[in-house]
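The values are calculated or read from the model by the stated rules, or taken from the named source; none is laboratory data. The structure presented is a predicted model; accordingly, all values stated were derived computationally and were not measured. Please note: Cβ atoms are built from the backbone with ideal geometry, for glycine as well, and neighbour counts cover all protein chains shown.
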Amino acid sequence: MMLILLSTCQHFSKGDISEASFNIFLEKQDVALVQISGDLFSDASFEDEMFDDSPQHQTQGLSTVDKAEEAKLAAELLCDDEVEDEENGEYWTCICRAVNDRELDCCLKCKLPRMPTTWTCRSCLTLNRLADTHCDECLAERDTGADDPGEGERVVDISAIPVYPKFYFLVSHHTTRIFIHDQDKNYLQSSFHTVDLDNPDLLPDILLHPANHKLAKDFVCKWNSLKKREQKVLIKKKEPIDCPEKAYFGGKLTKLRTSNRQRYKSKADIAEEAHRLVESNPGAQTRVIQRPVRDRAANVNESNRPGAGYVQVMSAANKPLCITCHSEYDSDLLNDSVVADEKYGWQTRFCSPECADNFLIKSNTDYIRSTAKSLDSGVCEQCGVNGSELYKRIKCSRSLKERAELIQNSRYASLSAHVKVTMVKDPSEGQFWHVDHILPVYAGGGQCDVDNLRTLCTPCHQVVTSAQAGHRARMRASIGNKTITDFFSPGTKEKLKSYD
């Protein structure tokens, strides 16, 4: 048996056609084929109907290979023309009604990827619009053919999706997944990840509409423009927001700096707060909680020495209070007797992970460094040097000469000789990058959140510290000297302070 193309744009003589030449048509789709037996080539009537032996269509002096190549080229031209004319066309129309060139994979207007806009009738092979349920030519009902979604595939009617004028978004603290809320901040039972915007298969139905998709994309662009520490501050608020930049820079989040000139929160501060709380709450009492001793090495730890630990308040109901927010520790899994047991006081000092984070970021230097590293990866904010990566390279090198060359050929060459010798002989990560307060501690930036912290390499930190030391020296020298602001009224001075 052999397959022969019925509709062609060019005729060939009987001698030009071979079985090998016509096998190339098997790879082409949307072309009508018919099966006939091989002995029809000798039928004169078939020869008269299918082939034109006129001189202008005869091929003279061509080899079998050349004839096969000509037949293949003619078939490719034919199939390309039919596919372009009947299926693809020069342009394609997006669901937002924008017309795009057929070479584009996504819409220029709404940036949505190209989606099928037609379906082929299995009866008459006529192309129909995707919204039509019956064929325009034979009126056959649309079936589950090759162009229809298969069983279990997702089918969404774009016209049935509601269009929202505004969205509020809530970013998860654990997975950074974004949850969608309407203009009244009601949860719409839909969520997505930032990397899902370019893949419609992963998006919820509500974001398949171009208008809703644009709102989500604008939010993600503004969210990515923030620094990681700024994103962390917004996530900790646990409030739906519509514009990340407005929520951070225009809201109360920029006032997280408490004008505190104390660098860290001490145990004495916690004890003072506990005693004030006991005085204002009759029936409450205090207790001292300490880290449990687990091994001999822990006995020499500062937190296990006599007098060490935190002062915690016990409410009148004999429940421990959180040392951060002073709310009662509540657990559905533990009995009240276990919660009140002083033996488990170290595990009940915080009521939530958020309170633990707020406390440790203001009191524990190791936690501050680990948080800064998770946000900046040890990259200096001013010069862009990756101090953590340089430390790893130096630590992995066993040659002291190679270590010295790495330091001398880097930003750290400006350090003093004593510091560089220490970095070569006994390197530690704290020698390569530091955590600095954007608003200095002496100016009221102490006990701050992550939005007032930044990562600086050691040379840049030395420059910043030197400049701040000069500023503090000028401030001390100006004490007792009058300036022009001393002649202003109190109201004018307050206005000037607000500008600062």
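Only one of Ile206, Ile241 is over 13 Å from the mean Cα position of the chain (by Cα) and either among the polar types (S, T, N, Q) or under 28 Å from Cys448 (Cα atoms) (or both); which?
Details: Ile206 fails: either among the polar types (S, T, N, Q) or under 28 Å from Cys448 (Cα atoms) (or both).
Of the residues listed, the single one that is over 13 Å from the mean Cα position of the chain (by Cα) and either among the polar types (S, T, N, Q) or under 28 Å from Cys448 (Cα atoms) (or both) is Ile241.
Please work out if Val195 is surrounded by 13 or more Cβ atoms within 10 Å (Cβ to Cβ), under 21 Å from the mean Cα position of the chain (by Cα) and not assigned by TED's automatic domain parsing to the domain that holds Asn452. Spell out how you get there, then give the answer.
Numbers: surrounded by 13 or more Cβ atoms within 10 Å (Cβ to Cβ): no; under 21 Å from the mean Cα position of the chain (by Cα): yes; not assigned by TED's automatic domain parsing to the domain that holds Asn452: yes.
For Val195, the condition - surrounded by 13 or more Cβ atoms within 10 Å (Cβ to Cβ), under 21 Å from the mean Cα position of the chain (by Cα) and not assigned by TED's automatic domain parsing to the domain that holds Asn452 - is not met.
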| message | Asp218 - would you say it is closer than 18 Å to Thr176 by Cα and at pLDDT below 90? | response | no
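Of Lys401, Lys392, which residue is among the basic types (Lys, Arg) and within 36 Å of the chain's Cα centre (by Cα)?
Numbers: Lys401 fails: within 36 Å of the chain's Cα centre (by Cα).
Exactly one of Lys401, Lys392 is among the basic types (Lys, Arg) and within 36 Å of the chain's Cα centre (by Cα), namely Lys392.
Does His434 satisfy the criteria of being under 30 Å from Gln231 (Cα atoms) and out of contact with any helix residue (DSSP H, G or I) (no Cβ under 6 Å at 6 or more places or on another chain)? Don't jump to the end; show me each part of the working.
Values: under 30 Å from Gln231 (Cα atoms): yes; out of contact with any helix residue (DSSP H, G or I) (no Cβ under 6 Å at 6 or more places or on another chain): no.
For His434, the condition - under 30 Å from Gln231 (Cα atoms) and out of contact with any helix residue (DSSP H, G or I) (no Cβ under 6 Å at 6 or more places or on another chain) - is not met.
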Inside region 449-500, the number of residues satisfying the requirement of being without any contact (Cβ under 8 Å) to a residue 24 or more places away in the chain, more than 35 Å from the chain's Cα centre (by Cα) and assigned to a helix (DSSP H, G or I) is 24
Those residues of region 168-192 which are over 19 Å from the mean Cα position of the chain (by Cα) and either closer than 25 Å to Cys94 by Cα or free of Cβ contacts under 8 Å to residues at least 24 places away in the same chain (or both) amount to Asp182, Gln183, Asp184, Asn186, Tyr187, Leu188, Gln189
When (1) surrounded by 12 or more Cβ atoms within 10 Å (Cβ to Cβ); (2) part of a loop (DSSP other than H, G, I, E, B); (3) modelled with pLDDT of 70 or more are applied to Asn128, the one that fails is (2)
Listed by first then second residue, the pairs whose first member lies in region 84-110 and is more than 21 Å from Ala211 (Cβ to Cβ), whose partner is at pLDDT 75 or above and surrounded by 14 or more Cβ atoms within 10 Å (Cβ to Cβ), with beta carbons under 9 Å and at least 6 positions apart or on separate chains, are Tyr91/Asn100
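Please go through region 155-170 and give me each residue that is among the acidic types (Asp, Glu) and in contact with a His (Cβ under 9 Å, 6 or more places away or on another chain), ordered by number. Working first, answer last.
Step one: of region 155-170, the residues among the acidic types (Asp, Glu) are 157.
Passing the criteria: none in range.
To keep it simple, each residue is scored yes or no on (1) of a type in the set (A, V, I, L, M, F, W, C); (2) in contact with a helix residue (DSSP H, G or I) (Cβ under 7 Å, 6 or more places away or on another chain).
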| position | (1), (2) |
| --- | --- |
| Ser315 | no, no |
| Tyr329 | no, yes |
| Asp332 | no, no |
| Asp336 | no, no |
| Asn358 | no, no |
| Ser363 | no, no |
| Ile368 | yes, yes |
In region 428-439, residues that are surrounded by fewer than 19 Cβ atoms within 10 Å (Cβ to Cβ) and assigned to a loop (DSSP other than H, G, I, E, B) total 3
